[in-house]
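Below is one structure, written out as structure tokens, with a few remarks after it.
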Amino acid sequence: MKKNYIRLRKYFLMQKFILAIHGGAGTILKSAMNAEKESAYTLALKEALDAGFRLLEKGNSALSAVEAAVSSLEDCPLFNAGRGAVFTHDGLHEMDAAIMDGKSLKAGAVAGIKNVKNPVRLARAVMEKSEHVLLAGNGAEAFARKMEIPFEEDSYFFQQSRYDQLVEIRDTEKTALDHSAEKKFGTVGAVALDRHGNLAAATSTGGMTNKRFGRIGDTPVIGAGTYANDKTCAVSCTGHGEFFLRAVVAYDVSCLIEYKGMTLQHACDHVIKEKLVALGGEGGLVAVDRAGNYSLNFNSEGMYRGIRNSEGISQVAIYA
């Protein structure tokens, strides 16, 4: 009995685990970044990695790890999610989020919600505490209150730089991705493989500056911006949501692995650097597969990203 316990413990400790995160992709140039800002982004990425990786080290689930990492990024005003969400045309913050469990293929998502401190927490509640996958607007907020998910006042989400972005284009028909030109913040996400061999993915965003008419991007759409399947991989996307929706990017990566036998890197390269580019889409993704391989893949000038695994790799990066 004791020998079996020791054998099982050794097997458990040998299992690979890994966490990868992103904080948006786009025209992110070192020439436009000062040392103070670069240090702030680097620290925020490291804190998010630490928040999720600590749980993986203790044997917790990939699902809890991606929730913790994304929550950390939502709490940071540097990124376009949660506290740092951009303004809509009406001067509001409408946020989207999703989470998916690769073991059960269960998923939860929310769209167009306001004042919820951590949208990813609400997405997980939808997955675990309801019979649904995607809730939107007032209904999602009512469910959040029922689940006692924390809310914050409008002032919590106000960032002057975000408001300045809105003022600049509010009287036009334009919308602005938050990671274009001088706007280097973006959608956040995380993917993980835990000690038990299970995968998970989570993504959260504030969408586009000056968006109207209840616009929803790829983030809360399972298969487009977020996907996880223990048979293949876990994927979280960032970029111009309309193109990721049309290309069903996250699921496409999984399908290329499952049905064409591609490696994770080959599948991500094909989707991000060939198929998405052919459509005119800009952005990237982070992905991990069931063997612990990872890809931090983008077709833009940069992507806020980080990786940490049980083999000692720990790094964050910003530029291409």
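What's the ranking of 304-316, 79-91 by average number of surrounding C-beta atoms within 10 Å, highest first? Intermediate results must be reported in sequence, preceding the final value.
Working: 304-316: 18.3, 79-91: 24.5.
Packing order, densest peptide first, comes out as 79-91, 304-316.
Helix-only mean residue ellipticity at 222 nm, the chain, DSSP H runs n ≥ 4 weighted -39,500 (n - 2.57), per residue, nearest 500. What is it?
Taking each H run of at least 4 residues, the total per residue is -10500 deg cm²/dmol.
Check each of the chymotrypsin sites (Phe, Trp or Tyr not before Pro) in the range 206-256 and keep only those in coil by DSSP with at most 15 other C-beta atoms within 10 angstrom; list them in order.
Listed in order of number, the matching sites are 213.
Tell me which of 69, 307, 232 sits at the most positive position along the dipole axis of the range 2-319, charges placed on C-beta atoms (Lys, Arg +1; Asp, Glu -1).
With unit charges placed on the Cβ atoms, the residue in question is 232.
For the chain, what's the relative contact order in percent, using C-alpha pairs closer than 8 Å and at least 6 residues apart?
Computed over the chain, the figure is 25 percent.
In degrees, nearest 10, range 0 to 90: what is the angle between the Cα axis of helix 35-57 and the longest Cα principal axis of the chain?
Between the helix axis and the principal axis of the chain, the angle is about 40 degrees.
Read the figures in this text as sums done on the coordinates, not as results from a lab. None of the values given here were measured: they were computed from a predicted structure. For neighbour counting, all protein chains shown are included, and Cβ atoms are generated from backbone atoms with ideal geometry for every residue, glycine included.
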